[in-house]
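Let me begin by presenting the structure, written as structure tokens, before commenting on it.
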Amino acid sequence: MAITEPRPKLKTAFKNARSIAPLYTSGPVALTADGTRIVTCVREEVVLTDVGKGVEICRFVGDTQPINSFCITPSATHLLVFSASLSLRIYSLPGDSNPVERPIHPIRVISRAHDAPVHVCKVDPTSTYLASGSADGVVKVWNIAQGFVTHVFKGHGGVVSALAFIYSQDPSQAVSTTKMELVTASVDTRIRVFDLTASSSGKPQVVLEGHVSVPRGLDVSSDGHWLISGGRDSVVLIWDLWPGKTAPKSTSRPDKGKEKVVSPKLVKTIPVMERVEAVGLLRTDEALAGTSSSGVNLQFYTGGERGVVRIWDAQEGNVIFSFGDSVQSSDQEEQRQIVDVLHAPEISTLVSVHADQNILFHSLSTQFLTRQLIGFNDEIVDVTFLSGSVTQSDSHLAVATNSSLVRVYSLETFDARLLEGHTDIVLALDRSPDGSILASGSKDRSIRIWSPSASASNWTYGCVGICDGHSQSVGAVSFSRVPSPSLHPEQAGPQFMFSGSQDKTIKMWDLTGLALKWEVHSEPTKFRTLTTHKAHEKDINSLDVSPNNHLLVSGSQDRTAKIFEIEYIPNGSSRPARGELKLLGTCKGHKRGVWSVKFSRSEKVLASGSGDKTVKLWSLEDFSCLKTFEGHTNSVLRVDFLNHGMQLVTAASDGLVKLWSIREEECITTLDNHEDKVWALGISRDEHTIVSGAADSVITLWADCTEEQQQESEEKRTELALKEQDFLNYVALRDYRKAIQLALAMEQPGRLLSLFKQIRASREEFDSQQHGNASFEQVIGALALSDLAKLMRYIRDWNTNAKTSVVAQSILYAIVKSKSADDLVKAFDAESGETAFAEFPTASPSGSKVGAGALKELVDALLPYTERHLARLDRLMQESYMVDYILAEMDDGMFDGEELQDDMDVDRPLGALL
């Protein structure tokens, strides 16, 4: 007898495990000295990010104006920000990399630091002074701790373009003296040196002329001997600040003026053949091999319009090493050009910031790209998981955006790589059966196939194959699902591949000889077409191959999905491989274009998502529509099967991802983390993770938490059952204090109201004539502060109903009698998780203001109903007097005067006559 496997349980819950949101859009970038944290701009906000994990640490409260410049103190304690509002904001940086939920407010704000926008700023090596240069040619030096200006330097002929501090000590003096100077550069091409230690008139000590265009970078050696400058005139100049001297004392002006000031000397002009945007000196311990042994032993780096970081030998004037490949085309040059280079000497790393919002970390010790942060992904078009082998779980995520570059993220560290090769926007992605090979279709009418690098030291993907032949954009690609049976599964790649295009054709490609590993400097293979089939009347949006490699389905804008039989004969010893497509049937029923089609991996059905807002399930036997799923409010863009074909996952233009039960034809859960069209959807091989990408530039990883939620629900159910039993026991024992506390903990206002009614009706526990019974006040006094606030909210609700208002007023009387106003304010401060009162507007973020505001709101809600109840009782009392009068008048008519006189003599109450 065959043993049937148990049917898998439905997945009912997914949580947002990680979101990849925009990290850097434009503007300045700053790095801490240890290279562990980076500060970037996301539109008008400043964001602090953990470099190692790629996780956002915090955001800084700004003034909703664009950020012009900022810098971090070398001690990594403060962040100084200049915005378009001309203000200076000083923030205290968090001491660690733990995420901070609330935005960080500035510790000091200087509303008008300059009269013009500040585009460059720099902090001295001691983290004491800040130099800022504005567009009107004014440079100010600030004391960071006190927030006042120490020096003002004018006379620059335009926008200040670069700043650098010279901080050196004179070892020749008996008493060690410190000298601090400031070097500035502006658009008038001149470099000026100002003395910050001596009292000066604000005029520069020296004016250096050598550039013919604006200098964009300045740096000074640690001993204060050498100055390097680079500009948009495509040259780097090296200046000797102590010509012919060995100590910095000779650069100071003599007291009596008998000696001349020794001016810095230009010792080297190095043409770099590109506009320089950043330049800096390397430390001696960071120097790369290949430097000259004679002359000045200096090495420096440059970054500019070609998008390459170069390490130069200052003596020889040649390039020692380059990070990155030089951009060839003019379109890519604008995107990949370097706008800034940051130096982290503690970890011997150079960080290049590119115009396409990508941030690259280059190690000087290993000479490899160690990490890449993608600042902005633009519109997410498609995503798919990648893995290293058949047995390995998904380790990487490939992303196609509104760009010609394919992004590949490491799911462990979220380090990223950019795959260059396409010349236009990439529209579609697909992975091989083992997940190691990636295919991409682009608007450049070609398909590229990518394999992981054979080098274990530096992970990346490289192009190993090109399929070229379509006449219009390629909008869909799909690998074969079964590898070649003649090869070992771990060494077998896909046998063939299909591509669909706007030219309305489907092409079948022979992938025989596909390289499974990419070697550096290897040329990609050009694969041939096995067949070309005119499939639809409009654009082809989606393709999918069945799990057994026998069928192909295509979805098109012509509102149909077509199923083809695949005939594939692999190549033999004397014949090449052959392939054909044979139309088997057409699925008609959608009222708009079909955006996505997918075969089930367990049943003989396929699913299609359409612009008519529906998802349809089709039979592969007669191509009829089996079920229709409705629930999205806009076009369904992606669809896939989950959980052995028992469930569907869909993504739509309404920004939602929905999980469906196929048997019940209902939506189980809705995943919401996007604000725009969800174009991309992917499922990991273990079906534990769903990834979605949208036009809002956000990628969300949804982790299956069904078991966790069920376990949590079961624990809550067990805990609730135990509490209910305890509650009944306390009521039976008339231990009302513990019963009330337990009812509040279970958040059951109905039971709590019944309990208070029972207490009030019992003369042993509550005297209806004395609202402040001592035992009852003892119960109120034993409540925790948060429970007291919760009880007050229940009283507010009970007070709205005349039937329960008496109990509410009795409890309120006991609370007001036993608790002061300060106690009630503290109760609302201690209440956790209550958003109704937390949103009360206050002038201060302090907890006391929030508690007072919450109490005021509750009192405002109690007063109208209390006044209404009081007025109702007044009316009832007045009406009772009328009843007594009427009864007295009726008694006069029913009895004679003697009987009534007898009753009056004994002074019997009127009520006794009734």
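State all residues of the range 53-73 that are within 20 Å of the chain's Cα centre (by Cα), closer than 22 Å to residue 113 by Cα and small (Gly, Ala, Ser); if no residue qualifies, say none.
Once the filter is applied, which keeps residues that are within 20 Å of the chain's Cα centre (by Cα), closer than 22 Å to residue 113 by Cα and small (Gly, Ala, Ser), the range 53-73 yields only 62.
Does at least one position in the range 145-153 carry a residue that is more than 36 Å from the chain's Cα centre (by Cα), in the same structural domain as residue 106 (by TED's automatic domain parsing) and assigned to a loop (DSSP other than H, G, I, E, B)?
no
Restricting the range 79-125 to residues that are β-branched (Val, Ile, Thr) and assigned to a loop (DSSP other than H, G, I, E, B), which is nearest to the chain's Cα centre (by Cα)?
By that ranking, first place goes to 100.
Given (1) touching a residue at least 60 places away in the same chain (Cβ under 8 Å); (2) assigned to a loop (DSSP other than H, G, I, E, B), identify the lone condition not met by residue 606.
Condition not satisfied by residue 606: (2).
So, in the range 297-307, exactly how many residues are within 15 Å of residue 356 (Cβ to Cβ) and in contact with a helix residue (DSSP H, G or I) (Cβ under 9 Å, 6 or more places away or on another chain)?
3
Residues being acidic (Asp, Glu) and part of a loop (DSSP other than H, G, I, E, B): count how many of those fall in the range 304-318.
Residues flagged as acidic (Asp, Glu) and part of a loop (DSSP other than H, G, I, E, B) within the range 304-318 amount to 2.
For residues in the range 53-78 being assigned to a loop (DSSP other than H, G, I, E, B) and of a type in the set (A, V, I, L, M, F, W, C), which is surrounded by the most Cβ atoms within 10 Å (Cβ to Cβ)?
Top of the filtered list is 76.
Residues that are free of Cβ contacts under 8 Å to residues at least 24 places away in the same chain and of a type outside the set (Asp, Glu): does the range 668-691 have at least one?
Looking for residues that are free of Cβ contacts under 8 Å to residues at least 24 places away in the same chain and of a type outside the set (Asp, Glu), one finds at least one in the range 668-691, hence yes.
Working only within the range 531-560, note down all residues that are farther than 20 Å from residue 479 by Cβ and not hydroxyl-bearing (Ser, Thr, Tyr).
Across the range 531-560, the qualifying residues are 534, 536, 537, 538, 539, 557, 558, 559.
Can you tell me how many residues in the range 171-198 are surrounded by 17 or more Cβ atoms within 10 Å (Cβ to Cβ) and either aromatic (Phe, Trp, Tyr) or modelled with pLDDT under 90 (or both)?
Within the range 171-198, residues that are surrounded by 17 or more Cβ atoms within 10 Å (Cβ to Cβ) and either aromatic (Phe, Trp, Tyr) or modelled with pLDDT under 90 (or both) number 5.
Can you pull out the residues in the range 675-713 that are in a strand (DSSP E or B) and of a type in the set (A, V, I, L, M)?
678, 680, 681, 683, 690, 691, 694, 699, 701, 703
Just the residues that are acidic (Asp, Glu) and farther than 18 Å from residue 508 by Cα, please, taken from the range 566-619.
603, 612 - these are the residues of the range 566-619 that are acidic (Asp, Glu) and farther than 18 Å from residue 508 by Cα.
Name the residues in the range 644-672 that are basic (Lys, Arg) and crowded, with 17+ Cβ neighbours inside 10 Å, would you?
Within the range 644-672, just 658 meets the criteria.
Yes or no, residue by residue, for (1) closer than 18 Å to residue 91 by Cβ; (2) surrounded by 21 or more Cβ atoms within 10 Å (Cβ to Cβ):
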residue: 13; (1), (2): no, no
residue: 26; (1), (2): no, no
residue: 36; (1), (2): yes, no
residue: 48; (1), (2): yes, yes
residue: 51; (1), (2): no, yes
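Within the range 366-403, work out how many residues are free of Cβ contacts under 8 Å to residues at least 60 places away in the same chain and not in a strand (DSSP E or B).
Qualifying residue count for the region: 4.
Condition first: under 19 Å from the mean Cα position of the chain (by Cα) and surrounded by fewer than 17 Cβ atoms within 10 Å (Cβ to Cβ). Now tell me which residues in the range 673-695 satisfy that.
675, 676
What number of residues within the range 428-445 satisfy the criterion of being within 27 Å of the chain's Cα centre (by Cα) and of a type in the set (Asp, Glu)?
Final tally of qualifying residues: 1.
If I ask for residues that are not hydrophobic (A, V, I, L, M, F, W, C) and not in a strand (DSSP E or B), which ones from the range 637-667 would you list?
643, 644, 645, 653, 654, 655, 663, 664, 665
For residue 840, work out the one condition from (1) modelled with pLDDT of 85 or more; (2) more than 19 Å from residue 799 (Cβ to Cβ) it doesn't fulfil.
Only one criterion is unmet by residue 840, namely (1).
In the range 128-144, what count of residues is obtained for those that are farther than 25 Å from residue 215 by Cβ and either modelled with pLDDT of 95 or more or within 33 Å of the chain's Cα centre (by Cα) (or both)?
1
If a residue must be under 11 Å from residue 130 (Cα atoms) and polar (S, T, N, Q), how many such residues does the range 63-81 contain?
Of the residues in the range 63-81, 1 are under 11 Å from residue 130 (Cα atoms) and polar (S, T, N, Q).
The values are calculated or read from the model by the stated rules, or taken from the named source; none is laboratory data. Computed from a predicted structure; not experimentally measured. Heads up, the Cβs are rebuilt from the backbone with ideal geometry, glycines too, and the neighbour counts pull from every protein chain shown.
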